[in-house]
Amino acid sequence: MTSRRRCIQFVSDALVQEIVDGRKTASVVDVGDVDVADGDYDDALVVGEFYDVYDSALTVRATIRIVAMELCRWDAIPERLWRGEGNVDADEFKKDHEDYFVNPDNDFEFIADDNKVIADDFEFIADDNKVIADDFEFIAYYFERALSED
């Protein structure tokens, strides 16, 4: 019996493309949503699990593995998070995420995850779980892009 790989979507196809391109290696989620599945294409986040990344057309664009999560405060954005999100500094990160978190105050806390990019499903041919690139480690919910486990 094979288990279903977990699924994840992002708020825009532009963010999905950043993952495919290796520019986005971190993301964020509200503390109350980290363990909540949101529909058929957005499972709860679990460190160590593989997730198929779906675009708005419900096409798998990449597979990632979440390698770390950390609790972050709005008034202390870690450098590894804003860099993993593709921002130039913490202020740009805040500007990009104000609407997502609905104007948070300085005491606001959220979860960051680390996504390590391993390989893109349509660009690389390699054995299952073979690390293709291992230098994309930035934190928040940090993830890896991975090959299919099938």
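The values are calculated or read from the model by the stated rules, or taken from the named source; none is laboratory data. Since we're looking at a predicted model, the values are computed, not measured. Counting neighbours? That spans all protein chains shown, and the Cβs are built from the backbone with ideal geometry, glycine included.
Which numbered condition in (1) closer than 22 Å to Asp21 by Cβ; (2) in contact with a Pro (Cβ under 9 Å, 6 or more places away or on another chain) is the only one that Cys72 fails?
(1)
Cβ-Cβ below 7 Å, separation at least six or inter-chain, first residue in region 44-63 and farther than 16 Å from Arg4 by Cα, second assigned to a strand (DSSP E or B) and of a type in the set (D, E, K, R): which pairs?
Asp55/Arg61
Restricting the search to region 8-25, which residues are touching a strand residue (DSSP E or B) at 6+ places or on another chain (Cβ under 6 Å) and either modelled with pLDDT of 95 or more or over 13 Å from Thr63 (Cβ atoms) (or both)?
Taking region 8-25 as the starting set, the residues that turn out to be touching a strand residue (DSSP E or B) at 6+ places or on another chain (Cβ under 6 Å) are 8-9, 16, 19-20, 25.
If the condition is that a residue be touching a strand residue (DSSP E or B) at 6+ places or on another chain (Cβ under 6 Å) and either modelled with pLDDT of 95 or more or over 13 Å from Thr63 (Cβ atoms) (or both), then Gln9, Thr25 are the ones that fit.
In region 19-33, how many residues are farther than 12 Å from Ile64 by Cα and surrounded by fewer than 17 Cβ atoms within 10 Å (Cβ to Cβ)?
The number of residues fulfilling the criteria is 6.
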